[in-house]
Amino acid sequence: ATAVYRADYQAPAWWIDTVELTFDLDPAKTRVLNRMRVRRNPDVPAQALRLDGDELNLARVMVNGGGTSFKMEGDQLVLENLPEGDAPVELEIFTTCAPAKNTKLMGLYVSEDTFFTQCEAEGFRRITYFLDRPDVMAMYTVTLRASKAQYPVLLSNGNLVESGDLEDGRHFAKWVDPHKKPCYLFALVAGKLVAREQHIKSRAGNEHLLQVYVRPGDLEKTEHAMNSLMHSIAWDEARFGLSLDLERFMIVATSDFNMGAMENKGLNIFNTKYVLANQATATDTDYFNIESVVGHEYFHNWTGDRVTCRDWFQLSLKEGLTVFRDQEFSMDMAGSASARAVKRIDDVRVLRTVQFPEDAGPMAHPVRPDSYIEINNFYTVTIYEKGAEVVRMQHNLVGREGFARGMKLYFERHDGHAVTCDDFSQAIADANPDSPLAQHLPQFRRWYSQAGTPVLKAVGLYDAAAQTYTLTLSQRCAPTVGQPEKLPFVIPVQMGLISASGQEIALRLQGEDTAQAAKSRMLVLAEAEQRFVFTNVTEAPVPSLLRSFSAPVVLECDFSDAELLTLLAHDSDPFNQWEASQRLGLRYALKAITAPADAADTDSQPGAQLLPAAFMQALREVLGNDKLDAAFKDLVLTLPSESYIAEQLAEVDPQRVHAVREAMQLQLATALQADWEALWLAHSDTGAYRPDHVSAGRRALAGRALTMLCLASAQSGDTVWPGKAYQRCKDAGNMTDRSSALSALIYSASPLAAQALQRFHALFQQDALVLDKWFALQGSACDRGGNVLPAVKTLMKHPDFQIKNPNRARSLIFSFCNNPGAFHRTDAAGYVFWADRVIEIDGFNPQVAARLARVMDRWKKLAEPYRTAAQAAIERVAAKPNLSNDVREVITRALA
Ligand code: HT7
Ligand code: ZN
């Protein structure tokens with residue numbers, strides 16, 4: 001496999017103007033007739049037409065109605081003797097493929113007797129020979145023919161213009177997409193499906209038909225997805241003035257899907273996980289995820305479909321921007337300031353626990369990568385989540401209105417085109433010429449070109465005599481693969497100053513007059529180091545820095561415990577309030593982990609008091625504070641995860657991290673027992689189920705209280721709380737309460753857990769998504785003496801376990817491999833299991849296998865004996881001769 005480089009980009013030598021596809025759908029052998037009108041790109045020297053293909057059987061090629069010579073070069077079909085000149089050429093290519101044998105789930109495949117396609121990034125070449133690159137945009141007409149009894153519903157992009165019966169029980173449907181598109185947005189679906197339908201009228205007064213297609217038994221689970229779609233449409237009109245540009249917008253759900261969903265023009269295909277919900281089967285998190293993913297795919301209709309990527313190096317152009325848009329949508333839907341903050345905290349937690357390690361590991365790459373071997377490996381948290389942060393910084397540097405202006409200019413300039421990340425930032429800056437973004441644009445773009453997480457260091461100095469507070473901000477960024485030196489980034493630092501009594505101090509920088517004093521403001525750090533002097537500061541302040549996480553950096557600041565307690569109690573920025581709790585929790589965890597073994601031997605002292613009394617008291621005050629939302633309290637009481645703690649260490653002993661965190665959990669459970677009991681009493685009855693943020697927060701906090709109470713009971717031998725949890729597993733009125741009660745029993749290793757799991761399975765054995773939860777709960781169970789791996793191995797033999805179904809594989813295998821306490825075993829058995837599964841899965845689905853391979857990204861940080869064992873497991877995978885490019889790239893980088 002060879003690498004592709006961004007610097008090698010060349011415009012296509014040929015354009016494809018129109019495509020007429022005719023499919024004779026058959027699971028064993030589908031025939032595809034592809035009629036294209038192509039023409040030479042006059043701006044590029046004359047060249048042969050090289051069409052991409054993958055696992056296709058070629059039957060015939062015709063040019064302008066006659067035969068032609070052609071040759072195969074690797075997977076490419078090469079036409080060297082096409083007519084000279086500018087005149088369009090009619091090409092006809094007839095191929096067959098075998099959808100039922102397509103286990104990669106890329107291209108055309110069959111899932112539960114239904115045909116689906118997945119073409120992003122390079123799946124269209126598995127359907128027909130084509131210029132499979134996003135800058136070739138064409139108009140599509142698609143005719144589908146299939147058995148009417150087996151495939152009564154035939155869908156493709158755009159509008160249905162004709163349908164009818166054919167001979168031999170077959171029928172057809174002809175679809176015309178009114179918009180030109182790159183082939184990665186092509187889709188077809190054929191099968192026995194039913195749809196929830198909704199007619200809407202847009203603000204602009206246009207009528208649209210919305211449809212959510214699912215298997216017949218699932219129709220009643222589509223209400224929330226449909227509502228989410230309607231909210232998304234209304235939001236994009238209201239916030240950005242972007243309207244639905246299609247008469248018909250369809251969503252179709254499938255249970256076999258490599259990722260979350262796909263934004264094919266007018267025919268989004270979704271993993272069932274992000275469509276189906278009712279209160280009995282879906283949790284609050286599922287409901288929120290559905291809203292966000294439906295929004296994300298819908299928002300792609302403009303950011304991705306109307307304006308697309310010039311090449312796959314620009315992937316974050318559509319993904320970073322669309323994640324930013326879906327995050328904003330979810331925040332606007334959440335309503336209250338507190339619910340917005342909770343969403344922001346959730347997003348930042350993902351960034352810090354998954355993207356920061358990626359940026360520090362072997363797969364580190366810039367938001368706009370410079371090279372790749374397998375593009376599927378670059379659908380990463382860096383492209384998506386860090387990309388969204390880079391868009392968010394631009395938003396913050398030009399302001400909300402300025403950003404809307406920038407988006408407008410972006411569409412005016414680029415609608416209908418395939419463009420670059422630079423085109424995007426240029427439009428935002430050009431629409432805001434006086435903004436700090438415009439002022440620093442070339443330097444700002446380093447966020448796109450430099451990998452790695454910058455460290456922002458803040459040092460504050462209070463001069464009581466002069467009544468000044470000098471804040472020195474500096475930045476550094478560690479080298480990443482291929483980038484030994486980093487240049488300074490533009491870092492927006494939203495900040496405030498707080499007095500010891502918790503008052504916000506007016507912020508006046510030296511040289512400014514009083515009128516400009518604000519209580520929260522943005523500093524822009526553009527140099528390696530800058531000093532900001534605040535005047536009229538009458539007492540030593542505590543700085544509240546990087547409010548709302550205004551830049552994706554690690555903030556290094558020497559806060560004392562007392563200062564952090566002040567921020568936790570008083571910061572007007574809820575993000576930083578939460579952040580203070582996390583800094584304290586992390587500090588105590590690191591202290592215990594790095595203490596000499598006998599000083600903090602948590603195994604022999606399970607009751608070790610690792611969290612000091614002042615912190616416990618602060619947490620108690622948070623729990624008892626009526627002004628704070630339950631969801632926020634739940635986040636404050638969530639200790640930093642094991643993987644986040646591990647990331648802060650130079651060398652990681654995962655079992656020690658696990659033991660320390662568990663000891664801290666136990667302390668929270670026992671020392672706050674009375675508080676948990678009070679919380680349970682106040683929050684456990686959430687009334688009639690509604691998946692809104694307030695009641696979801698109450699359920700989350702009640703679930704945490706129950707977990708803590710079961711944990712404390714396990715310690716004391718008391719059986720009341722496990723009994724209550726068991727009862728809740730039996731009669732909870734919704735899946736959130738039921739699964740959190742089950743999880744409490746499992747987490748506390750209650751003897752009732754096995755029985756509760758059995759009942760849960762019996763109740764939901766017909767529901768694939770709930771069974772995924774059942775497997776996931778067991779794969780992510782808290783390890784006690786190495787019990788999880790044997791349980792996982794047994795579960796792999798369970799009749800409901802299907803490794804070829806990505807959701808099911810993720811629910812058990814990925815859950816286990818991402819469960820540090822269970823996975824990192826001194827006997828290396830976790831790593832052996834990992835290597836076996838990567839190799840096994842790679843045999844049928846390289847994309848899923850490569851995701852699993854990423855679990856070992858940070859192996860070099862492991863202490864012995866883990867490190868040597870991990871290396872041996874990775875090398876065993878590397879030694880396999882027929883690895884896919886996907887897995888090979890990940891493994892090679894890990895070992896480099
Ligand atoms: N744009 C979509 C990406 C996607 C995908 C990529 C590779 C293989 C399978 C895939 N399924 C979906 C999803 C999105 O970001 O909206
Ligand atoms: Zn996307």
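FYI, it's all coordinate maths here, none of it is from the lab. Just so it is clear, the structure is predicted and the values come from calculations on it, not from any experiment. For neighbour counting, all protein chains shown are included, and Cβ atoms are generated from backbone atoms with ideal geometry for every residue, glycine included.
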Problem - Span from the the stretch 211-243 Cα centroid across to the the stretch 113-192 one, whole angstrom - result: 22 Å
Completion exercise
The value for the stretch 308-449 (convex hull of the alpha-carbon atoms, volume per residue, Å³) is 111 Å³
Practice task
Compute the FRET efficiency between residue 346 and residue 613 as 1/(1 + (r/R0)^6), taking r as their Cβ-Cβ distance and R0 = 25 Å, and round to the nearest 0.05.
Solution key: 0.25
Practice task
Between residue 17 and residue 443, with labels modelled 7 Å along Cα→Cβ, what's the label distance in nm to one decimal, could you check?
Solution key: 4.9 nm
Exercise for the section: Only helical DSSP H runs with n ≥ 4 go in: add -39500 (n - 2.57) per run for the chain, normalise by residue count and round the 222 nm mean residue ellipticity to 500 deg cm²/dmol. Expected result: -12000 deg cm²/dmol
Problem - q = 0.21, 0.22, 0.24 Å⁻¹, the stretch 237-335: log10 I(q)/I(0) [Debye, one scatterer per Cα] - result: -1.19, -1.27, -1.40
Exercise for the section: Please report Rg over Rh for the stretch 81-123, where both radii come from the alpha carbon positions and Rh follows the Kirkwood definition. Expected result: 1.23
Exercise for the section: Work out, step by step, the length gained on full extension between residue 518 and residue 59: first 0.36 nm times the residue separation, then minus their alpha carbon distance; give nm to one decimal. Expected result: 158.1 nm
Exercise for the section: For the chain, give the magnitude of the charge dipole about the Cα centre (Cβ charges: +1 Lys/Arg, -1 Asp/Glu; no others), in debye to the nearest 20. Expected result: 940 debye
Problem - Neighbour net charge for residue 588 - beta-carbon separation under 11 angstrom, K R +1, D E -1 - result: +3
Practice task
Would you work out if the stretch 711-810 is rounded, prolate or oblate? Take a ≥ b ≥ c from the square roots of the eigenvalues of the alpha-carbon gyration tensor; rounded if a/c is under 1.5, else prolate when a/b is larger than b/c, oblate otherwise.
Solution key: oblate
Completion exercise
the chain: antiparallel bridges as % of DSSP beta bridges, rounded to 5, reads 80 percent
Completion exercise
For the stretch 455-554, the charge dipole (Cβ of Lys, Arg +1; Cβ of Asp, Glu -1; about the Cα centre) points to a positive end, and the Cα of 477, 528, 492 closest to that extreme belongs to 477
Practice task
Hey, could you grab the Kirkwood Rh for the stretch 455-554? Inverse mean 1/r over distinct alpha carbon pairs, Å, one decimal.
Solution key: 14.4 Å
Practice task
Go ahead and collect, in residue order, the members of the stretch 253-275 whose backbone nitrogen is under 16 Å from a label point 7 Å along the Cα-Cβ direction of residue 204.
Solution key: 266
Completion exercise
Descending packing, highest mean Cβ count within 10 Å first, for 178-187, 37-46, 508-517 is 178-187, 37-46, 508-517
Practice task
Give me the net charge of residue 623's neighbourhood, meaning all other residues with Cβ under 14 Å from the Cβ of residue 623; Lys, Arg count +1, Asp, Glu -1.
Solution key: -1
Completion exercise
Expressed in nanometres to one decimal, the distance between label points 7 Å along Cα→Cβ at residue 238 and residue 791 is 4.4 nm
Completion exercise
Rounded to the nearest 5, the percent of DSSP beta bridges in the stretch 219-373 running antiparallel is 25 percent
Practice task
May I ask you to list the GluC sites (Glu not before Pro) in the stretch 79-162 that are in a DSSP loop and have at most 15 other Cβ atoms within 10 Å of their Cβ?
Solution key: 80, 84, 112
Completion exercise
Most exposed first, judged by fewest Cβ atoms within 10 angstrom, 72, 137 run 72, 137
Handout entry: Size of charge dipole - the stretch 455-554 - debye, nearest 20, with Cβ of Lys, Arg +1 and Asp, Glu -1, no other charges
Key = 240 debye
Fill in the blank from the handout: the stretch 1-192: relative contact order from alpha carbon pairs under 8 Å, six or more residues apart, as a whole percent, is 23 percent
Exercise for the section: Please order 537, 176 by the number of other Cβ within 10 Å, starting at the fewest. Expected result: 176, 537
Exercise for the section: Provide the packing ranking of 205-212, 5-12, 718-725, i.e. peptides ordered by the mean count of other C-beta atoms within 10 Å per residue, highest first. Expected result: 718-725, 205-212, 5-12
Completion exercise
The alpha-carbon pair-distance distribution computed for the stretch 780-886, with 10 angstrom bins and whole-percent values, is 15, 49, 33, 4
Handout entry: the stretch 1-192: antiparallel DSSP beta bridges as a percent of all, rounded to 5
Key = 90 percent
Completion exercise
Ordered by fewest other Cβ atoms within 10 Å, a rough proxy for footprinting exposure, 875, 385, 662 read 875, 662, 385
Problem - Cross-link pairs beyond the 32 Å C-alpha cut-off, checked among 457/519; 104/221; 265/861 - result: 265/861
Handout entry: Inter-probe distance in nm under a simple model that places probes 7 Å from Cα toward Cβ, at residue 230 and residue 168
Key = 4.4 nm
Exercise for the section: First measure r as the distance between the Cβ atoms of residue 627 and residue 648, then evaluate 1/(1 + (r/R0)^6) with R0 = 45 Å and state the FRET efficiency to the nearest 0.05. Expected result: 0.90
Exercise for the section: State the extension gain, in nm to one decimal, for the chain segment bounded by residue 826 and residue 481, taking 0.36 nm per residue of separation less the distance between their alpha-carbons. Expected result: 121.2 nm
Practice task
Return the FRET efficiency for the residue pair residue 46, residue 72: r is the Cβ-Cβ distance, R0 is 25 Å, and the value is rounded to the nearest 0.05.
Solution key: 0.75
Handout entry: Lys, Arg +1 and Asp, Glu -1 on Cβ, resulting dipole of the stretch 625-686 about Cα centre, debye, nearest 20
Key = 100 debye
Problem - Computed over the stretch 76-119: relative contact order in percent, which uses C-alpha pairs under 8 Å that are six or more apart - result: 21 percent
Completion exercise
A chain fully extended from residue 39 to residue 804 at 0.36 nm per residue, minus the present Cα-Cα distance, gains in nm 271.2 nm
Practice task
Grab the alpha carbons of the stretch 1-192, take their convex hull, and tell me the volume per residue in Å³.
Solution key: 127 Å³
Exercise for the section: Only Cα pairs under 8 Å and at least 6 apart count here; give the relative contact order of the chain as a rounded whole percent. Expected result: 8 percent
Fill in the blank from the handout: Computed over the Cα atoms of the chain, the Rg and Dmax in Å are 28.2, 95
